[in-house]
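The values are calculated or read from the model by the stated rules, or taken from the named source; none is laboratory data. These figures come from a predicted structure and were not determined experimentally. With ideal geometry, Cβ positions are generated from the backbone for all residues, glycine too; neighbour counts draw on all protein chains shown. SASA here: full protein model, heavy atoms, side chains in, ligands and nucleic acids out. Shrake-Rupley method; radii C 1.70, N 1.55, O 1.52, S 1.80 Å.
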Amino acid sequence: MSKRPSLSRLVLDVLKPHIPDLIEFCRSLSEVEGVKKVSAVVVEVDAETDTVKITVEGMDIDFEALKERVRELGGAIHSVDEVVFE
């Protein structure tokens with residue numbers, strides 16, 4: 001029987017409020033099941049929001065839990081720009 005592929009990398013385009021700041025936002029994402037590393041780059045800053053490109057790496061990342069965490073933090077995923085399964 002073959003092993004089920006594991007989600008190991010995502011690049012997300014996320015709209016987030018200014019609070020929590022990017023450090024706290026990414027720290028919270030890093031606590032999601034399967035996540036080992038989170039990095040982010042601010043793409044655009046508006047009056048009330050930041051558009052950020054977030055890269056999430058790990059093994060068997062729980063994408064549904066990650067989406068829920070983004071929502072809990074007041075953010076929205078605009079797009080999934082890269083996906084890697086191993």
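Structure notes:
- The lone criterion from (1) in a helix (DSSP H, G or I); (2) open to solvent by less than 60 Å² (accessible area, probe 1.4 Å); (3) not polar (S, T, N, Q) left unmet by Ile23 is number (2).
- Whichever residue in segment 40-51 is in contact with an Asp or Glu (Cβ under 8 Å, 6 or more places away or on another chain) and open to solvent by less than 40 Å² (accessible area, probe 1.4 Å) and, among such residues, is farthest from Ile19 (Cα to Cα): Thr51
- Of residues in segment 54-71 being without any contact (Cβ under 8 Å) to a residue 24 or more places away in the chain and surrounded by fewer than 14 Cβ atoms within 10 Å (Cβ to Cβ), the one nearest to Pro20 (Cα to Cα): Arg71
- Count of segment 44-74 residues which are among the basic types (Lys, Arg) and part of a strand (DSSP E or B): 1
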